[in-house]
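Undergrad: Just passing along the structure, written as structure tokens.
No value in this document is a laboratory result; all are computed from the given coordinates. Fair warning: this is a prediction, and the values are worked out from it, not measured in the lab. Positions of Cβ are generated from backbone atoms using ideal geometry, with glycine treated the same way; all protein chains shown enter the neighbour counts.
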Amino acid sequence: MTIGALSLGHGAEMPLLGFGTWQIRGEKAYEAVRDALEAGYRHIDTATMYGNEAEVGRALRDSGVPRDEVFVTTKLPPERAGRERETLDASLRALGVDAVDLWLIHWPPRRRPVAVWQQFVAAREQGRARAIGVSNFGVHEIDELSAATGVTPAVNQIRFGPRLYDAKLVAQHRERGVVVEGYSPFKTTNLHDPVLTRIAAAHGVDPARVVLRWHVQHEIVVIPKSATPERIATNAAIDGFTLTDEEMAAIDQLGGRR
Ligand SMILES: NC(=O)c1ccc[n+]([C@@H]2O[C@H](COP(=O)([O-])OP(=O)(O)OC[C@H]3O[C@@H](n4cnc5c(N)ncnc54)[C@H](OP(=O)(O)O)[C@@H]3O)[C@@H](O)[C@H]2O)c1
């Protein structure tokens with residue numbers, strides 16, 4: 001699978017396609033991550049809140065894929081503010097790794113976000129997170145962290161998909177050097193939309209792959225979740241076709257704004 005990656009600085013390279021693991025736990029999570037690594041994903045998205053870090057870690061080890069070939073993200077629930085260090089320690093222990101590739105603040109903390117961010121900066125300096133970022137933040141909330149600490153989040157993981165496409169919002173992130181990572185690519189999309197089915201038929205793929213390919217061609221990181229082995233595999237097979245400019249523009253317009 002050669003889908004490409006984005007640099008996050010400090011040597012961290014984030015593959016544009018990752019595997020989402022929300023709402024899969026226990027043996028299901030273990031099996032899904034094993035299947036994902038087998039299918040070629042080299043980027044796994046988890047979170048303290050998902051309750052599956054131990055299974056993700058076990059799948060990673062059992063897969064035989066070298067640790068440095070897999071990009072692993074986890075996230076701090078904001079209610080753990082003040083307990084950042086112990087929460088990351090617990091994530092590293094559960095995952096069985098010395099460092100995560102990306103640690104995100106899962107949502108904007110209600111109180112003292114800058115203090116939380118300072119702990120993230122410390123974790124990166126200590127080498128326990130190779131890159132640090134946020135999730136579900138507005139650009140002004142990102143600016144607040146940058147202004148207070150001089151360190152801009154490398155990534156903002158936000159709900160995204162063709163219907164939510166907002167070129168201005170993407171540009172605002174890029175001006176700041178923040179990588180946009182989209183989540184819930186399918187839940188935010190009508191996979192029966194005629195625009196998607198037409199484009200999918202033209203390339204001999206399913207609409208789900210068109211949605212993933214659209215993200216990747218926009219250089220927006222995308223992390224589809226599936227607990228179904230066939231879908232885990234087909235969702236990873238998006239390197240064999242390229243959307244034309246006309247097709248990209250038609251998908252951009254599904255949300256009615258550009
Ligand atoms: N930061 C945040 O606040 C946040 C919030 C939500 C999600 N996330 C992350 O983003 C990941 C993805 O988002 P998500 O899990 O919300 O939703 P999603 O990936 O958009 O959708 C998952 C759903 O789509 C189905 N699906 C998968 N492949 C399909 C295909 N080829 N055709 C048709 N349906 C398909 C899955 O069914 P089966 O599993 O039955 O195959 C599942 O029901 C999460 O797992 C998580 O890692 C982050």
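Undergrad: If you bin the C-alpha pair distances of the chain every 10 Å from 0, what whole percents do you get?
TA: Once binned at 10 Å, the Cα pair distances of the chain give 7, 32, 36, 21, 5, 0.
Undergrad: Would you mind giving the three semi-axes, in whole Å and largest first, of the ellipsoid equivalent to the stretch 203-258 according to its Cα gyration tensor?
TA: Here the semi-axes work out to 21, 13, 10 Å.
Undergrad: Enter the mean projected area of the convex hull around the alpha-carbon atoms of the stretch 14-161, in nm², rounded to one decimal.
TA: Average of the hull's projected areas for the stretch 14-161 equals 8.4 nm².
Undergrad: Moving to a separate point now. Rule-of-thumb check for the stretch 152-258: C-alpha Rg over 2.2 N^0.38 Å?
TA: Rounded to two decimals, the normalised Rg is 1.04.
Undergrad: Lysines near residue 28 by alpha-carbon distance under 25 Å, same-chain residues fewer than 8 away left out - which ones?
TA: 75, 187, 225
Undergrad: Please list the radius of gyration and Dmax for the stretch 1-96, considering alpha-carbon atoms only, with Å as the unit.
TA: According to the Cα coordinates of the stretch 1-96, Rg and Dmax are 13.3, 40 Å.
Undergrad: Here's another thing I want to ask about it. Just flag the trypsin sites (Lys or Arg not before Pro) in the stretch 150-250 sitting in loop per DSSP whose Cβ has no more than 12 other Cβ atoms within 10 Å.
TA: In loop regions of the stretch 150-250 (DSSP not H, G, I, E or B), the sparsely surrounded trypsin sites (Lys or Arg not before Pro) are 187.
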